[in-house]
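Colleague: Structure below; questions to follow.
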Amino acid sequence: MNKTLTALLLAAIAIPAAHADTPAEIRSQAFKKMLLQSFEPMGMAVRERAPYDKAKFEQQAEAMKTLAAEPFKHFPANSVTGKSRAKPEIWSQPAKFQADRDVFLKSVDNLAAVAKAGDLAAIKKAYGQVAQNCKTCHDAFRGPEK
């Protein structure tokens, strides 16, 4: 594992869920859970840093499908408080935020469907689309570290 991923994993484990009491903390924990439990393990297989196991990959894709919408539930109005990277555009451009969220969720659904077929080339393409949709939303709606 590379140093960045290791640091991310350790940081996520070190932050107890009991402290997740603000919308920003709740959504941060939800995004980390999705990343650690499904997206990054799938990425290891896609990048050929871990063996591809069809059943395991399919299970991770289904887990991501289950977890993907959860963080988006925690963006109530005026919830840019404390330590949050959420940009004000989330609330000033709600239609765009909703559209980007919907594109992301559809790409996650597609990845889960493609994972069932087991075609690694198609899986890599679908995984890449999910990653691109994450980036698109982050570019528009996620600010720098505070």
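Nothing in this text is a laboratory measurement; each read-out follows from the coordinates by a stated rule. None of these values were measured; they are calculated from a predicted model. Glycine gets a Cβ as well: all are built from the backbone with ideal geometry, and neighbour counts include every protein chain shown.
Colleague: Which links in Lys87/Lys124; Lys32/Lys116; Lys33/Lys125; Lys33/Lys106; Lys87/Lys135 stretch past 21 Å when you go from one Cα to the other?
Modeller: Lys87/Lys124; Lys32/Lys116; Lys33/Lys125
Colleague: How much length, in nm to one decimal, is gained on full extension between Gln37 and Gln98, taken as 0.36 nm per residue of separation minus their Cα-Cα distance?
Modeller: Here the answer is 19.5 nm.
Colleague: Something else about it: I want to check the label-to-label distance for Lys116 and Asp53. Put each point 7 Å from Cα in the C-beta direction and report it in nm to one decimal.
Modeller: That separation, rounded to one decimal, is 2.2 nm.
Colleague: Among Phe57, Val108, Asn78, which residue has its Cα positioned farthest towards the positive end of the charge dipole of the stretch 28-146, with +1 placed on the Cβ of Lys and Arg, -1 on the Cβ of Asp and Glu, and the dipole taken about the Cα centre?
Modeller: With unit charges placed on the Cβ atoms, the residue in question is Asn78.
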